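Asks: One structure is given below, represented as structure tokens, and several questions about it will come after.
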Amino acid sequence: MGIKIDLSVILGVLASFLIANIIGPFVIRYLKILKFGQIERDLGPKSHQIKQGTPTIGGIIFILAILISTLIFVKRFSDEAMICMYSLLAFAAIGFLDDILKILKKNNEGLNSKQKMILLLFVSGAFAVYTYFRFGSLIYIPILKEYFDLKWFYIPFVIFFYAAVTNATNLTDGLDGLLTSVTLIVMTFLCVVAYGLSSNTLAIFCGIVVGGLLGFLRFNSYPARVIMGDTGSLAIGGVICTICIVLRLPLIVILIGGIYVVEALSVVIQVLYFKKTKKRVFKMAPIHHHFELSGWHETKVVSVFSIVTVILCLLAFITL
């Protein structure tokens, strides 16, 4: 039919998907042996107490799948795709430390907010400086459809970008399959954009991430057999940021990651409003818990949020 598709992108998706499905059962079994179980918040929805003890740190399933597939399909370690891989691992390391501390302390408090933010800012700063010298300070402005040079403001902007998105993805990971499903759609969008911009290795990497998440979703969808933990949620936020920075499209995350933005804003609004009035805007924040307490089953929340993300990604294509 004359349709031209890079076979490497498809193979990357399939390879990562297959690897995640192969290693998933072994990782879950090992996490159970180590008793790396989820610690639920006492203040969380009562329906979530049944998740207590579900193996956590499951993000290593898709992280390993992505790592192995990237090493197979990406040959140069200085390539754009490898830079994205490095960010995935760096932010995953922060999340892993947080998860391990939660398990050791046997409560839901790992790194405190100050410690976590210091680590996030340190890693974000390193990637901000590196990408500034590697890719320059130009970013693309959607809707206006033109480039803008941030100049000296680039580094603080990128540090804020990393910190904001990683925290937002972390907050989004509150229901079985929610962050995984939403990010699958976001990464598919980025894969198409990278391919359209002839950034083939980056398109392959995005496809690999899609495959890894798709394989992980088998174990993470309701009722979840494993939870990704901060290991997975921070890794996802970090890799999305780096891909968008390489594509010079950080601002597009506001649209395609609309769910991440709303989840984070719901927490900010709830905290600020409560401090001022001692009343709550939402029944519980992040906002996915508000819908749960309003009578939605968590699978409905995941479905609706995924549909919204599809629509937002389609709208995003118009702005480019």
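Asks: Please pick out the residue among G37, G59 that is at pLDDT 90 or above and buried (at least 17 other Cβ atoms within 10 Å of the Cβ).
Replies: The unique qualifying residue is G59.
Asks: In addition: Going residue by residue through region 264-286, is there one that turns out to be under 27 Å from G215 (Cα atoms) and open to solvent by less than 10 Å² (accessible area, probe 1.4 Å)? Can you show your working first?
Replies: Residues of region 264-286 under 27 Å from G215 (Cα atoms): 264, 286.
Next, from what is left, pick out any that are open to solvent by less than 10 Å² (accessible area, probe 1.4 Å): none.
Within region 264-286 (the criterion being under 27 Å from G215 (Cα atoms) and open to solvent by less than 10 Å² (accessible area, probe 1.4 Å)), the answer is no, since none of the residues qualifies.
Asks: Sticking with this one: Could you tell me whether region 96-105 includes any residue that is within 11 Å of D230 (Cβ to Cβ), in a helix (DSSP H, G or I) and open to solvent by 50 Å² or more (accessible area, probe 1.4 Å)?
Replies: Scanning region 96-105 turns up at least one residue that is within 11 Å of D230 (Cβ to Cβ), in a helix (DSSP H, G or I) and open to solvent by 50 Å² or more (accessible area, probe 1.4 Å).
Asks: Out of A264, A285, I need the residue that is touching a Pro at 6+ places or on another chain (Cβ under 8 Å) and touching a residue at least 12 places away in the same chain (Cβ under 8 Å). Which one?
Replies: Numbers: A285 fails: touching a Pro at 6+ places or on another chain (Cβ under 8 Å).
Criteria check complete, one pass: A264.
Asks: Can we say G44 is closer than 29 Å to L101 by Cβ, more than 20 Å from the chain's Cα centre (by Cα), modelled with pLDDT of 70 or more and not basic (K, R)? Please lay out each step first, then the result.
Replies: Values: closer than 29 Å to L101 by Cβ: yes; more than 20 Å from the chain's Cα centre (by Cα): yes; modelled with pLDDT of 70 or more: no; not basic (K, R): yes.
Answer is no for this residue.
Asks: Another question, then. With the requirement that a residue be of a type in the set (D, E) and either at positive phi or open to solvent by 60 Å² or more (accessible area, probe 1.4 Å) (or both), what does region 296-320 give you? Break it down stepwise before answering.
Replies: Taking region 296-320 as the starting set, the residues that turn out to be of a type in the set (D, E) are 298.
Passing the criteria: none in range.
Asks: Using the structure shown, decide if S124 is open to solvent by less than 80 Å² (accessible area, probe 1.4 Å) and of a type in the set (G, A, S).
Replies: yes
Asks: Applying the selection to region 225-270, what residues are small (G, A, S) and either within 21 Å of L312 (Cα to Cα) or at pLDDT 95 or above (or both)? Don't jump to the end; show me each part of the working.
Replies: Kept after step one, since they are small (G, A, S), are these residues of region 225-270: 229, 232-233, 235, 237-238, 257-258, 264, 266.
Of everything in region 225-270, those that are small (G, A, S) and either within 21 Å of L312 (Cα to Cα) or at pLDDT 95 or above (or both) turn out to be G232, S233, A235, G237, G238, G257, G258, A264, S266.
The values are calculated or read from the model by the stated rules, or taken from the named source; none is laboratory data. Since we're looking at a predicted model, the values are computed, not measured. Note that we place each Cβ from the backbone using ideal geometry, even for glycine, and neighbour counts take in every protein chain shown. Ligands, DNA and RNA are stripped out before the accessible areas are found, and what is left, the full protein with its side chains, is counted by its heavy atoms. Shrake-Rupley method; radii C 1.70, N 1.55, O 1.52, S 1.80 Å.
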